[in-house]
Amino acid sequence: MADKRFGMVIDLRRCHGCKACQVACKSENDVPLGVWRSWVKEVEQGTYPNVKRHFLPRLCNHCEHPACVRNCPTGASYKRPDGVVLVDRNKCIGCRYCIASCPYQSRFLLADEKVADKCTFCAHRVDQGIVPACVNTCIARARIFGDLNDPNSEVRQLVDSHPVQVLKPEAGQSPSVFYIGADDNAMRGSEAG
Amino acid sequence: MNASIVYDVFHVNPFGWVVAVYFTVSAMAAGAFLLAAAVNLLGLKGQQAVGRTAALVAPLAGALAGLLLIAELGRPTRFWRVFTHFNPASPVSWGAFILLAFIIIAVLYARTVLAGKEEGSRGLVAAGAALACLIPVYTGFELVRGRVSPLWNSPLIPVLFFFAAGVVGLSAVVLIGSALTAGVARRLGASGVAAAGDGVAPAAGLGKTIAFFLAGSLVLVVIQLLALAGASTEAVTIVRKVLAGRFAVLFWGGYLAVGTVVPFVIFTGRGAGNRTLQALASLLAVLGVFALRLVDIIGGQSFPLN
């Protein structure tokens with residue numbers, strides 16, 4: 001357990017924006033209306049007839065140096081030895097500082113419980129040896145999940161053999177979610193419209 | 001090449017206007033206590049009434065800041081958890097302990113002031129002053145260490161918050177002092193209280209000190225905006241929003257014109273001797289700091305991160 005570091009590679013050459021991952025996450029984790037643990041951002045680029053649409057599946061990056069954990073005053077946000085970043089709902093006071101700290105806007109406040117919530121990498125499934133729901137449901141196999149510390153894992157081999165990208169590397173969080181073939185405009189926090 | 005987001009989910013900003021009120025009120029507590037401490041420790045003759053008023057404003061504002069902080073939590077009844085776990089990397093963790101210690105000391109000092117025994121409490125005042133200095137610093141660090149936002153991640157923010165504490169703390173003392181009844185003012189040791197409604201006369205130079213803090217804040221704001229204007233695309237976007245976008249009225253009208261220029265002119269001009277004008281200028285200065293905090297907090301979250 002301690003030697004593992006779970007991570008995900010999202011191969012955007014395969015993603016066609018069906019949003020099945022977004023739906024699977026909602027269904028698997030009972031995510032309330034109006035908030036998302038995982039979603040697919042879409043960016044349109046160019047002028048007709050030369051137009052391209054890019055997809056960017058999003059989720060918590062389960063960073064190696066997570067600002068949310070660093071800033072949590074109660075220890076409710078924590079990182080497991082296997083790299084999965086979680087929120088202990090019993091300890092969370094709902095101060096929202098973790099939400100403000102996350103450079104990826106991956107966190108939100110649950111309307112009912114008034115505590116912070118986010119993608120858990122489906123830790124309840126991973127602990128049983130099953131991949132996260134978004135990975136399981138992806139018909140294009142664009143999402144690959146595994147142990148980044150295992151040189152024989154597919155996720156490690158993809159990271160080592162492809163020019164992978166991470167979101168906001170300048171934020172210094174060292175994300176565990178890597179993208180292959182992501183569009184720069186989709187990666188940037190540019191304004192809509 | 002043209003690029004536009006055609007689908008993204010909606011993100012609710014974690015911090016709103018209540019946090020701006022909290023930052024303003026906690027700065028008020030800190031600034032007021034520093035004024036009380038200056039009168040006590042420096043032995044400023046003839047300013048005892050102002051110092052005592054400040055000593056009473058500080059715990060009230062500090063307690064209000066604490067209540068705001070608790071009320072703003074999603075789970076207010078769990079606020080005690082911040083005191084059972086200390087995370088040295090978290091400004092909120094530091095802030096909880098600093099604010100609690102400050103409130104306790106400010107209440108103790110207010111009691112000695114009401115008992116007329118403040119002369120022998122220099123150690124307490126010094127400790128309170130140190131904590132009062134830390135309040136604007138930790139609140140500033142809450143932004144600096146928070147979101148990756150050009151408006152927040154500036155080392156100038158804690159310094160700016162310190163100057164803001166000077167503005168709102170001293171202004172609150174002038175404002176509340178002027179509103180005190182003659183009886184209360186006399187009890188606090190105010191001299192020359194002739195009639196009901198005279199209140200505590202602002203100390204000579206207090207208005208000019210507020211003007212100094214107003215000018216200092218403005219210089220820091222200008223430096224920050226100039227620095228951002230030549231930085232990243234995100235920074236330029238935010239500066240445009242502040243100067244010519246949705247925050248322009250709040251910035252130019254609320255902070256600069258009403259909250260800085262008008263009180264500065266009153267405090268440094270002929271209105272400096274007029275108590276009503278001084279009270280008005282103090283009120284405007286407090287509102288100006290609040291307007292700037294709104295711009296900082298809401299403006300700092302006003303763009304999608306990615």
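The values are calculated or read from the model by the stated rules, or taken from the named source; none is laboratory data. Owing to the predicted nature of the structure, the values given are computational and were not obtained by experimental measurement. Here the Cβ is made from the backbone with ideal geometry for all residues, glycine too, and neighbour counts use every protein chain on show. Remember, those area values only see protein heavy atoms, side chains included, never the ligands or the DNA or RNA. Shrake-Rupley method; radii C 1.70, N 1.55, O 1.52, S 1.80 Å.
The table below gives the values:
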{"quantity": "Listed residues A:173, A:105, A:128, most fluctuating in chain A (Gaussian network, C-alpha, under 10 Å)", "calculated": "A:128"}
{"quantity": "Percent of Cα pairs exceeding the 28 Å cut-off, where the set is the protein assembly as shown", "calculated": "58"}
{"quantity": "Cut-off 11 Å between beta-carbons: net charge of the residues surrounding residue A:187, Lys and Arg +1, Asp and Glu -1", "calculated": "+2"}
{"quantity": "Projected-area mean, segment A:1-78, by convex hull of Cα positions, square nanometres", "calculated": "8.3"}
{"quantity": "Computed accessible area, residue A:47, all protein chains, 1.4 angstrom probe, square angstrom", "calculated": "90"}
{"quantity": "Percent of C-alpha pairs per 10 Å bin, segment B:17-299, short to long", "calculated": "7, 29, 33, 22, 8, 1"}
{"quantity": "Order of exposure, largest accessible area first, which applies to B:17, B:94 with probe 1.4 Å", "calculated": "B:17, B:94"}
{"quantity": "Residue among B:229, B:20, B:115 with the largest mean-square fluctuation in a Gaussian network model of chain B, springs linking Cα atoms under 10 Å", "calculated": "B:115"}
{"quantity": "Accessible-area order (highest first, 1.4 angstrom probe) of the listed residues A:160, A:30", "calculated": "A:30, A:160"}
{"quantity": "Cys with no candidate disulfide partner in chain A (beta-carbon separation under 4.7 Å rule)", "calculated": "A:15, A:18, A:25, A:63, A:72, A:92, A:95, A:102, A:122, A:138"}
{"quantity": "Heavy atoms of residue B:97: accessible area, 1.4 Å probe, square angstrom to 10", "calculated": "70"}
{"quantity": "Nearest-20 debye value, segment A:6-184 charge dipole, Cβ charges on Lys, Arg, Asp, Glu", "calculated": "340"}
{"quantity": "Calculated [θ] (222 nm, deg cm²/dmol) that DSSP helices of n ≥ 4 give over chain B, each run adding -39,500 (n - 2.57)", "calculated": "-22000 deg cm²/dmol"}
{"quantity": "Test item: A:108-115 mean partner chain Cβ contacts at 10 Å", "calculated": "3"}
{"quantity": "Neighbouring partner chain Cβ atoms per residue of B:66-77, average, 10 Å criterion", "calculated": "3"}
{"quantity": "For segment B:201-274, alpha-carbon Rg and Dmax in angstrom", "calculated": "15.2, 49"}
{"quantity": "Shielding by other protein chains, A:8-18, mean Cβ within 10 Å", "calculated": "0"}
{"quantity": "Heavy-atom accessible area order for B:72, B:118, A:170, largest first, 1.4 Å probe", "calculated": "A:170, B:72, B:118"}
{"quantity": "Cβ-based net charge around residue A:83, under 14 Å, with every Lys or Arg adding one and every Asp or Glu removing one", "calculated": "-1"}
{"quantity": "With DNA, RNA and ligands ignored, accessible area of residue B:113 (1.4 Å probe; Å², nearest 10)", "calculated": "10"}
{"quantity": "Overall dimensions of chain A as given by Cα atoms, namely Rg and Dmax in Å", "calculated": "16.4, 53"}
{"quantity": "Net charge of neighbours whose Cβ lies under 10 Å from the Cβ of residue B:114, counting Lys and Arg as +1 and Asp and Glu as -1", "calculated": "+3"}
